[in-house]
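Working notes, structure below.
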Amino acid sequence: MKKGTLISLICINILAMIVFTFYLMKLPWLASDEKFLIWSTTVMDFSSRDMPDSKDYALINTSYDLQLIDRYDEFGFPVGNQAITDRQKLAQLLHVINAGNEKPKYIIIDIHFVDSSAFDDELLTALKILDNVILSAHINDFGELEKPIFDINYGISDYLIGSAFDGVYKYQLVYNDSSKLLPLKVYESLSQTQSDKVGPFIRLGDQWTMNNFIMNYRILQKDIYDQEAGFNPVSLGELLYLTDEDIQDFVAGKVVVIGDFFENDMHETVLEITAGPLILLNAFLTIWHGDTVVNIWFLLLLTVAFGYLSYLAFVEGDLIEKRINKITRGKFTKYLAGFASYFLILSITSLATYWLFNIHINVFFIAIAFYLTDQIAGFLIYRRQSKT
């Protein structure tokens with residue numbers, strides 16, 4: 001193959017693989033091999049993770065503060081009772097917060113407000129006084145947005161969980177190209193920055209991040225059980241036993257997260273079973289600290305790695321493949337050795353992108369793409385040589 005042709009093919013393949021990489025990164029699911037790679041790299045970074053200062057956050061648990069309301073069937077007839085978060089207690093808490101001299105920096109209320117109660121007017125009055133507050137909205141089984149019954153600022157708090165994949169590994173910032181998720185709206189408010197979706201990317205001021213990204217968990221579920229970590233959620237009912245001044249001091253100047261941290265809103269993540277409100281907080285912290293910012297250095301690293309892999313695909317010979325084939329010479333082993341070479345090099349690349357940029361790449365399917373390119377190139381070269 002002529003040198004000029006080889007360089008052109010390598011450049012075209014690098015560009016195609018980078019586009020394919022970003023396409024895979026925006027998908028909601030992962031291959032099983034990638035889950036293990038993500039888990040192992042996250043565990044290695046676990047002990048040295050950069051936890052935020054607990055003094056900047058106040059977590060309020062609603063797991064054990066419930067009240068009963070009527071439950072109705074699809075025709076509007078009462079069929080019994082259902083438990084919801086105690087809205088009277090929540091309204092009482094917000095009234096106390098509103099009376100304080102220093103308000104919270106922001107209040108995230110991760111509670112599903114879809115049914116009415118006798119205390120809704122009292123709660124709505126307290127909510128409207130607050131400046132920086134956001135409620136959770138959800139996508140129902142029909143793909144429709146279920147807004148809170150209160151006319152208050154809201155954001156979607158769902159994450160991509162379904163039959164195609166079995167845990168919260170990736171998080172999405174914009175749903176259906178237009179509906180912003182709760183962590184993104186909190187980021188916009190606190191940073192005074194507007195975001196725009198451009199293809200698979202989100203533009204945050206002068207920075208770019210992926211719309212779908214693998215979260216960097218800065219606060220783990222185990223941390224909220226650890227007294228020394230300082231992130232212990234205080235139950236709503238217990239908090240109301242304190243004086244108004246103590247409650248106001250507890251939330252003053254902090255990002256307050258209110259929700260079910262222990263019982264009915266638990267989800268599988270890359271490390272452990274984690275509460276929904278804590279996942280929301282970690283998603284906010286991921287973009288707040290720029291953990292998944294895509295910059296020129298990230299693209300340069302991909303270009304170098306994909307350039308080498310493209311060279312392997314178009315030129316015969318690979319040190320790793322040769323060493324594997326020296327051990328065993330079976331036909332199947334030959335194919336496996338070729339794929340293993342790409343998978344291993346891409347795994348090392350993913351480790352590098354994670355350690356340097358907090359970004360994982362989808363190793364398994366990119367390795368398949370390079371291996372298929374290798375096989376097609378080899379077949380075409382063989383045919384050309386046979387004719388001559």
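Every number here is computed from the coordinates shown, using simple stated rules; none is lab data. Keep in mind that what you see is a predicted model, and the values were worked out from it rather than measured. For neighbour counting, all protein chains shown are included, and Cβ atoms are generated from backbone atoms with ideal geometry for every residue, glycine included.
For the stretch 100-115, the Karplus equation 6.51 cos²θ - 1.76 cosθ + 1.60, evaluated at θ = phi - 60°, returns couplings of x, 6, 10, 7, x, 5, 6, 10, 9, 10, 8, 10, 8, 8, 10, 10 Hz by residue, with Gly and Pro reported as x. Less than 5 angstrom separates the built amide H of ILE111 from those of SER136, all sequence-distant by 5 or more or on a different chain.
Just to confirm a number: summing +1 for Lys and Arg and -1 for Asp and Glu over residues other than ILE60 whose beta-carbon lies under 11 angstrom from that of ILE60, what do you get? Combined, the nearby Lys, Arg, Asp and Glu give -2. Its Cα centre serving as origin, the stretch 197-236 has a Cβ charge dipole (Lys and Arg +1, Asp and Glu -1) of approximately 260 debye. GLU102 sits among other residues whose Cβ lies under 11 Å from its own Cβ, and their net charge, with Lys and Arg +1 and Asp and Glu -1, is +2. Taking the Cα centroid of the stretch 138-155 and of the stretch 182-247, what is the distance between the two, rounded to the nearest whole Å? The distance from the Cα centre of the stretch 138-155 to that of the stretch 182-247 comes to 20 Å.
Of the cross-linked pairs LYS103/LYS180; LYS105/LYS180; LYS55/LYS147; LYS26/LYS55; LYS105/LYS222, which ones have a Cα-Cα span greater than 27 Å in the structure shown? Beyond 27 Å: LYS55/LYS147; LYS26/LYS55.
Backbone geometry of the stretch 279-288 corresponds, through the Karplus equation with coefficients 6.51, -1.76 and 1.60 at θ = phi - 60°, to 3J(HN,Hα) couplings of 5, 4, 5, 5, 5, 4, 5, 4, 7, 5 Hz, x marking Gly and Pro. Were the residues from ASP131 through TYR64 laid out at 0.36 nm apart, the gain over their Cα-Cα distance would be 21.4 nm. The phi torsions of the stretch 131-146, fed into the Karplus equation with coefficients 6.51, -1.76 and 1.60 and a -60° offset, translate into couplings of 8, 9, 9, 9, 10, 8, 10, 9, 9, 7, 5, 9, x, 9, 7, 9 Hz, rounded to whole numbers, with Gly and Pro shown as x.
For the pair ALA83 and ASP206, a Förster radius of 51 Å applied to the C-beta separation gives a FRET efficiency near 0.65, rounded to the nearest 0.05.
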